[in-house]
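As structure tokens, the structure follows; a few thoughts come after it.
The values are calculated or read from the model by the stated rules, or taken from the named source; none is laboratory data. Predicted model only: the values in this text are computed from it and were never measured. Counting neighbours? That spans all protein chains shown, and the Cβs are built from the backbone with ideal geometry, glycine included. Areas reflect the complete protein model, heavy atoms only, side chains present, ligands, DNA and RNA absent. Shrake-Rupley method; radii C 1.70, N 1.55, O 1.52, S 1.80 Å.
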Amino acid sequence: MTNRLPWWMGGILMSGLLLLTFSIYGADRPIGASTYVPYFAGLIFDLDPEKYVYLKEIKNPGAWEGIMLLGVLFGGFITSVFITKSFRFSLIPSGWKTYKNSSVVSRLLWSFFAGFIMIIGARLAGGCTSGHFMSGMSQLAISSMVFGTVVMISLLITGKFFYNTKDK
Amino acid sequence: MADVVFMTEESNSTIIDRTFQMVESVIHQPHGSVALVFLIGVIFGGIIQYTRVDKFEKIAGFSMLKDTIIPKMLFLTIGITSIALYFMIDAGQAHYHVKPIILQGLIIGGILFGSAMAILGKCPGTGPVSIAEGRIDVLVGAIGGLFGGLVFTLYYDDFFKPLMGESLGKTILPDFFKGNEDITALVFGVLVIIIAIAIPKRELFDEADLSQLPDDQRPDKK
């Protein structure tokens, strides 16, 4: 298959990127991808960063991840248009139709709800798949191993009961 | 909320001002130039897109145990990085940025995050890549996320901060094996790589993607 990298190549490339980001010649910090969300929420809803303790706490990492996010959007867009050729507008994934239902309204409502609790969850734990799971476990951090284990269990239990996988 | 709907010229310029402040903040941080941080994002997005791990069928598929590409790639990344990073830190080429053990926050947050990941089929890192390839449902999820970030910020002091509990420190695995720190890091990394390879490979494909490919390149027909 020409327009897709195998998982092991992805793992090796991602390791290289993480090491570059961690190294003092790179950014001297881990990759994170959930602090930018409350940061942008503060921006969009026009919350005064001096008034809210949390916005003050995330001022620097939020800005860093904000710039990185712009790069992610750009890199994802360019790759999807020119390499994987997967760019298309869509409202509902094929897998949702197969294993859940074919209602666009259902998909959008669940997406909104899931997005909402995802960010609450990530901020409670202090990180997400990138910051905690990937960057944290790479530093042998116990906190990230606890988070990773809980996420895996919760993901698998939810998947088992949320989708209809029988006979399919 | 009202000031969002009726956005005035003034609040508009505030957003622009604050976007400039974001760039300025990164310039003043000792964490790489704006160009480097942007480039890290581009490569991150490129790898996620090129390996297709942002797809609903990968993350939600893993939650149904119908696809194992996510754990294989994730564990391989962690295994390789943990070994290399441990020795880089030892040599002074990098530093630890360990997150604190806040048990309640980690467990409650992990439960919420894991079930949200199964339902949305994305995480905060892969979501933007899906939005960049035109997935409107994920954009709606991101708007949900912005409201989540808003609620978290508004009720941080009164509700969320106490809910997270006290920090039990920033312990790392080698702290439990004093005297054998190097071996611990090495064994952990090798074990995680073995797990990544040992997880049986299963894939759930998306017909909408497959139909774009010529028949002899379809991975489901090989």
> Mind listing which trypsin sites (Lys or Arg not before Pro) in region A:3-77 are in a DSSP loop and have 13 or fewer other Cβ atoms within 10 Å?
Replying inline: A:Lys51
>> For a test of the definition: using alpha carbon positions, the gyration tensor, and the 1.5 limit on a/c, classify chain A as rounded, prolate or oblate.
In response: rounded
> Relative contact order of region A:1-58: what whole-number percent is it, with Cα pairs under 8 angstrom and at least 6 residues apart?
Replying inline: 17
>> Let me check the size of region A:91-163 from its C-alpha atoms; what are the radius of gyration and Dmax in Å?
In response: 14.6, 43
>> Of the candidates B:Gln21, B:Gln49, B:Gln93, which one comes out as most mobile in a Gaussian network treatment of chain B with C-alpha springs shorter than 10 Å?
In response: B:Gln21
> Taking all protein chains as present, what is the carbon and sulfur share of the accessible area of the protein assembly as shown, in % to the nearest whole number, probe 1.4 Å?
Replying inline: 68
> So what's the back-of-envelope 222 nm ellipticity for the protein assembly as shown, counting only DSSP H runs of four-plus at -39500 (n - 2.57) apiece and dividing by all residues, rounded to 500?
Replying inline: -20000 deg cm²/dmol
>> Translational diffusion coefficient of the protein assembly as shown at 25 °C, 0.890 mPa s, Stokes-Einstein with Kirkwood Rh over Cα pairs, in µm²/s as a whole number.
In response: 116
>> Counting only other residues whose beta carbon sits under 14 Å from that of A:Ala114, what net charge do I get with K and R as +1, D and E as -1?
In response: +3
>> Taking only the Cα atoms of chain B, how large is their convex hull per residue, in Å³?
In response: 190
> Relative contact order for region A:32-109: what is it in percent, counting Cα pairs under 8 Å that are at least 6 residues apart?
Replying inline: 24
>> For the interface of chains B and A, what total accessible area is buried with a 1.4 Å probe, rounded to the nearest 100 Å²?
In response: 12100
>> If amide hydrogens are placed 1.01 Å from N in the peptide plane, which non-local residues have theirs closer than 5 Å to the one on B:Ala94?
In response: A:Ile24, B:Ile89
> Residues with beta-carbon under 13 Å from that of A:Phe89, excluding A:Phe89: net charge, scoring Lys, Arg +1 and Asp, Glu -1?
Replying inline: 0
> Just the accessible area per residue of region B:119-222, please: how many Å² with a 1.4 Å probe?
Replying inline: 50
> With the dipole of region B:48-91 worked out from charges on the C-beta (+1 for Lys and Arg, -1 for Asp and Glu) around the Cα centre, which of B:Ile48, B:Thr77, B:Ser63 lies farthest toward the positive end?
Replying inline: B:Ser63
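Could you tell me which of rounded, prolate or oblate describes region B:1-130, using a ≥ b ≥ c as the square roots of the eigenvalues of the alpha-carbon gyration tensor, with rounded for a/c under 1.5 and, failing that, prolate when a/b is larger than b/c and oblate otherwise?
Because a/c hits 1.5 or more and a/b fails to exceed b/c, region B:1-130 counts as oblate.
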> Can you tell me the accessible area per residue over region B:52-113, all protein chains present, probe 1.4 angstrom, in square angstrom?
Replying inline: 29
> What does the accessible area per residue of region A:1-118 come to in Å², with a 1.4 Å probe and no ligands, DNA or RNA counted?
Replying inline: 42
> In region A:24-53, what residues drop by 50 Å² or more in accessible surface going from the chain by itself to the full protein assembly, probe 1.4 Å?
Replying inline: A:Ile24, A:Asp28, A:Leu43, A:Ile44, A:Phe45, A:Asp46
> Which helices, counted as full DSSP H runs in chain A, have an axial Cα extent of no less than 24 Å and a Kyte-Doolittle average of -1.0 or above?
Replying inline: A:59-82, A:104-125, A:142-162
> What is the local net charge at B:Pro30, summed over the other residues whose Cβ is closer than 13 Å to its Cβ (Lys, Arg +1; Asp, Glu -1)?
Replying inline: 0
